[in-house]
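Down below is the structure, laid out as structure tokens.
The values are calculated or read from the model by the stated rules, or taken from the named source; none is laboratory data. If you're wondering where the values come from, they're calculated on a predicted model, not measured in any experiment. Don't worry about glycine lacking a Cβ; one is built from the backbone with ideal geometry, like all the others, and counts go over all protein chains shown. Ligands, DNA and RNA are excluded from the accessible area calculation, which covers all protein heavy atoms including side chains. Shrake-Rupley method; radii C 1.70, N 1.55, O 1.52, S 1.80 Å.
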Amino acid sequence: MNTPDDRKPLGNHRLPAESQRLEREWQAQERAMEQERRGVPLDPADPRIGEYRLIARALRAPAMEPVPYDLAAQIVRRVEAAQTLGERVEGWLLRILIAVLAMAAVGAVAIYGAGWASAFAALWPQPSPQAAGWGGLLLVCLGLSLAWQWGGRMLHHDQGHPA
């Protein structure tokens, strides 16, 4: 069914029905602008004119102020300042609980610490003389490696290269 559609443009030329529709829209927009300028009350019989008048009012209204550069920081300050009483009480109760637990841990170490120290010392393996020699060699190698890295950084830093 190939029927001509009068709503589609043909190349750069519009069909008469499309031109008439565009002309009616243009005239409605112009009437709305004129009625808005004169302050004529809205006509409920033509909602299209009312819509165009609303658009005209919005375009005439001044633009919004730009968003401040530090908007996020302002919001954070407001939220932090608006802590509720419950949040503050919860924070203080949490601090008190941590302090009580820390004092209990210090008290337990003071009371039972001597027994624990000897028990942990018994668990620690006793190194053989050969293992102590290898451990010392490992520490010397680690110290030389760190010194070499530190010296290289200082050399590059003195030459003006950032580390």
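Which pairs have Cβ atoms under 9 Å, sit 6 or more apart or on different chains, and link a residue in the stretch 136-151 that is touching a residue at least 12 places away in the same chain (Cβ under 8 Å) to one that is open to solvent by 60 Å² or more (accessible area, probe 1.4 Å) and not aromatic (Phe, Trp, Tyr)? Pairs found: none. The requirement of being touching a Gly at 6+ places or on another chain (Cβ under 8 Å), open to solvent by 70 Å² or more (accessible area, probe 1.4 Å) and modelled with pLDDT under 85 is fulfilled nowhere in the stretch 7-16; no residue meets it.
Would you mind finding the one in Ala81, Ala58 that is within 30 Å of Arg21 (Cα to Cα), within 43 Å of the chain's Cα centre (by Cα) and open to solvent by less than 90 Å² (accessible area, probe 1.4 Å)? Give the derivation first.
Details: Ala81 fails: within 30 Å of Arg21 (Cα to Cα).
Criteria check complete, one pass: Ala58.
In the list Gly151, Gly135, which residue meets the criterion of being part of a helix (DSSP H, G or I) and touching a Pro at 6+ places or on another chain (Cβ under 8 Å)? Of the residues listed, the single one that is part of a helix (DSSP H, G or I) and touching a Pro at 6+ places or on another chain (Cβ under 8 Å) is Gly135. When residues in the stretch 84-117 are screened for being among the polar types (S, T, N, Q) and surrounded by 10 or more Cβ atoms within 10 Å (Cβ to Cβ), 0 of them pass. Filter the stretch 22-50 for residues that are touching a residue at least 12 places away in the same chain (Cβ under 8 Å) and open to solvent by 50 Å² or more (accessible area, probe 1.4 Å) and give the result. If the condition is that a residue be touching a residue at least 12 places away in the same chain (Cβ under 8 Å) and open to solvent by 50 Å² or more (accessible area, probe 1.4 Å), then Gln29, Arg31, Met33, Arg48 are the ones that fit. Do we have Ala104 as modelled with pLDDT under 80, of a type in the set (A, V, I, L, M, F, W, C) and out of contact with any helix residue (DSSP H, G or I) (no Cβ under 6 Å at 6 or more places or on another chain) here? It is false that Ala104 is modelled with pLDDT under 80, of a type in the set (A, V, I, L, M, F, W, C) and out of contact with any helix residue (DSSP H, G or I) (no Cβ under 6 Å at 6 or more places or on another chain).
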